[in-house]
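A short worksheet on the structure shown next.
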Amino acid sequence: MRRILFAVAGVVCGLALTFALTLGWRAWRVERTAAEGVARTDEDQRVNKDAQKPEPHREALGLVVPAKAAPSAAPKRPIGVGSSSGGISTIFGRNGLGGELQSGTGNMLGASPSSAYGMGGLGTQGRGSGGGGIAYGTASAGLLGAVGSAGGAGYRAQGDDPAGGDTENYGHTGVNPFVMTSEDRLSTFGVDVDTASYTIARRKLLEGTLPPPNSVRVEEFLNYFKYQYPQPKSGALAVFLDGAPSPFSPGRHLLRVGVQGKRLSVSERKTAHLTFLVDVSGSMQSPDKLPLAKRALRTLVDNLRDGDTVGLVTYASGSHVVLPAMGLEHKAAIHAAIEELEAGGSTAMAGGIELAYEEAAKTLDADSVSRVIILSDGDANIGAVTPQEMLAKIAHHAKEGVTVSTVGFGMGNYKDGLMEQFADKGNGNHYYVDSPMEARRIFQEQLGGTLEVIAKDVKIQVEFDPEQVASYRLVGYENRAIADRDFRNDKVDAGEIGAGHTVTALYELNLTPSAGDGLATVRVRAKTPKGSTATEAVFRFQASMMAPSFAAADRDLRFAASVMAAAEIFRQSSHAKGWNYDDVLRIARGATPEGNAEREEFVELLRTARAIVMRVASR
């Protein structure tokens, strides 16, 4: 018996000693990791300072990011420590305030261990104190796991494959090629006034990463900015044409087609009956989702006028009418209902859309605007209804007079492609809100254009003279292409223009030596908001519209060229080889008047993008 007791005591002592040694080893590892984090922070700060110094021109500066991780360009972001081996990257994220250690791991796997590699990324701010790991891989099928104690999502800038904790989705639209004018002299497309792509890119850059190439739509970059096009003298639209030699591709020229929508005063705007459809599922809990959506709705309500009405429908596991349509005399009740929204449950979007349409139909009449505004991260379980069936229903309701606009929120699981399609089929606009400032821009400064369509199914067709234009390329608008034969087919859907909206399109041209007057003829067709038959206007490009040099070109054209070039670089267009951030930044800065906040912000974003690429290239 005594021997048994001694044996048991020995085992207990051995286990205790092992446990103590394990705790000591773990404490030593945490302390060492924290120390490495501080050292790495100092090193990253040094690299960041070096990146701000003038560097010699690098042709690769604006092109594909090397297969290494880019530390954050934005200040006050948690810096990570990482090690990699055999294509597997392990990342430790540290709290941005230098507080408690947050840790997690993320794996980036390529087609084989030798084809994917990475060095530990940086922690980007997650939903709370956690963060996301960033790594770059050479394999298009690479996977990157989520990192951070708060569930921040890992993100790969080189591709859009949903992986690990990152399930963002962006529809790939391709890149328009050059077309030989002798084979096809006509270029036809529908207009687009969406701006979501630019706002998404801004958020990514401010978080220290380049935007995913598939998220970049050139037309949405161009149309985010205001241009000084002349107002229509009569009718709803005015068209502006000009051009200049390209500053990026010697021997080529740029042709700009600008469309200006008529501005409406508050008193001229039609009465608006709005139905807010708010996603309150569990995926909307983070501060950049439902809380920001609520702030955006309050901004919108505060800028409506007497006679407008607001209804509120929510969806999660089920759909509910929170508020039936009511006038602004009940503004306090509307604000209270918005404030009480809370996130939780699964996502049954199809039922929510059906219920929102039922509510919108109750206020539909011929003399007012009826619109459903969807606020969501787009991460939806459509249910028994397929996406195609839902899009068909949205298009049907749009023909009846109930339009749809979509407003996206959040990152990590954002479904940009679905939200854009909803707005496209619903004859509305697609926005992405990354800040209260952007909410004010959409729902206060540009409220007239957000709410009221002044021209629908707007199509543009440019006819080039083969004797003067050898080849051409429309930059952007890939998912707005229309068959040339359908330009005058009024049954074919196209884009809408709201009050005060502008549309800008840029072409790259290879001209012949005889180019001059009449090198292009521009035709625009559009319907009235309630009309079914379009009217057509024709505009001829005159030789005087082409500037003799890029430096002599209109300032707006020069700025638009810089925006186009940045978008082409971001999406890794094959036509942008040899283009770089130095040239783009110089042109944008020279075309930005003092006090123009939007353009000044764009210049700063270009500096941020250049710093990210230079920092990666220096490793």
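The values are calculated or read from the model by the stated rules, or taken from the named source; none is laboratory data. Everything numeric in this text was worked out from a predicted model, so none of it was measured. Using ideal geometry, Cβ is built from the backbone for each residue, glycine included, and neighbour counts are taken over all protein chains shown. Accessible surface areas use protein heavy atoms only, side chains included; no ligands, DNA or RNA. Shrake-Rupley method; radii C 1.70, N 1.55, O 1.52, S 1.80 Å.
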Residue satisfying condition, being within 30 Å of Q542 (Cα to Cα) and of a type in the set (S, T, Y), within set Y431, Y477: Y477
For region 272-323, enumerate the residues that are within 23 Å of A361 (Cβ to Cβ), in a helix (DSSP H, G or I) and in contact (Cβ under 8 Å) with a residue 40 or more places away in the chain. L297, L300
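Per-residue answers, yes or no, for (1) at pLDDT 95 or above; (2) farther than 21 Å from E220 by Cα:
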residue: F443; (1), (2): no, no
residue: T450; (1), (2): no, no
residue: K459; (1), (2): yes, no
residue: A499; (1), (2): no, no
residue: G531; (1), (2): no, yes
Given (1) part of a loop (DSSP other than H, G, I, E, B); (2) surrounded by fewer than 20 Cβ atoms within 10 Å (Cβ to Cβ), identify the lone condition not met by W579. (2)
Do you know which residues across region 371-400 are of a type outside the set (D, E), touching a Ser or Thr at 6+ places or on another chain (Cβ under 6 Å) and buried (at least 17 other Cβ atoms within 10 Å of the Cβ)? R371, V372, I373, I374, A380
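Within region 348-368, restricting attention to residues that are open to solvent by less than 20 Å² (accessible area, probe 1.4 Å) and in contact with a strand residue (DSSP E or B) (Cβ under 7 Å, 6 or more places away or on another chain), which residue is nearest to T450 (Cα to Cα)?
S368
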Tally of residues being closer than 15 Å to V433 by Cα and either of a type outside the set (S, T, Y) or not in a helix (DSSP H, G or I) (or both) across region 183-204: 8
Conditions: (1) touching a strand residue (DSSP E or B) at 6+ places or on another chain (Cβ under 7 Å); (2) open to solvent by 20 Å² or more (accessible area, probe 1.4 Å); (3) in contact (Cβ under 8 Å) with a residue 60 or more places away in the chain. S182 meets all but one. Number of the miss? (1)
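Residue-by-condition table, conditions (1) open to solvent by 50 Å² or more (accessible area, probe 1.4 Å); (2) at pLDDT below 95:
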site: L557; (1), (2): no, no
site: S562; (1), (2): no, no
site: A588; (1), (2): no, no
site: E598; (1), (2): no, no
site: E604; (1), (2): yes, no
site: A611; (1), (2): no, no
site: R619; (1), (2): yes, yes
For residues that are touching a residue at least 24 places away in the same chain (Cβ under 8 Å), out of contact with any strand residue (DSSP E or B) (no Cβ under 7 Å at 6 or more places or on another chain) and among the aliphatic types (A, V, I, L, M), scanning just region 550-568, find the one that is farthest from I587 (Cα to Cα). A567
If I ask for residues that are of a type in the set (K, R) and within 25 Å of A366 (Cα to Cα), which ones from region 518-553 would you list? R525, K527, K530
Spot the failing condition for R571; the list is (1) in contact (Cβ under 8 Å) with a residue 60 or more places away in the chain; (2) basic (K, R); (3) surrounded by fewer than 18 Cβ atoms within 10 Å (Cβ to Cβ), and only one is missed. (3)
Which listed residue is touching a Gly at 6+ places or on another chain (Cβ under 8 Å) and touching a residue at least 40 places away in the same chain (Cβ under 8 Å), from E508, E467, E478, E463: E478
Being among the aliphatic types (A, V, I, L, M) and surrounded by fewer than 20 Cβ atoms within 10 Å (Cβ to Cβ) narrows L255, L241 down to just L241
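Matching residues to (1) surrounded by fewer than 21 Cβ atoms within 10 Å (Cβ to Cβ); (2) at pLDDT below 95; (3) over 27 Å from S573 (Cα atoms):
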| site | (1), (2), (3) |
| --- | --- |
| V462 | no, no, no |
| P466 | yes, no, no |
| Y477 | no, no, no |
| D486 | yes, no, yes |
| D517 | yes, yes, yes |
Which residues, counting only those in region 258-283, are hydroxyl-bearing (S, T, Y) and crowded, with 22+ Cβ neighbours inside 10 Å? T275, S281, S283
Just to be sure before I move on: is R558 part of a strand (DSSP E or B) and of a type outside the set (A, V, I, L, M, F, W, C) in the structure I sent? no
Checking K530 against (1) exposed (fewer than 13 other Cβ atoms within 10 Å of the Cβ); (2) not in a loop (DSSP other than H, G, I, E, B): exactly one of these is not met. Which one? (2)
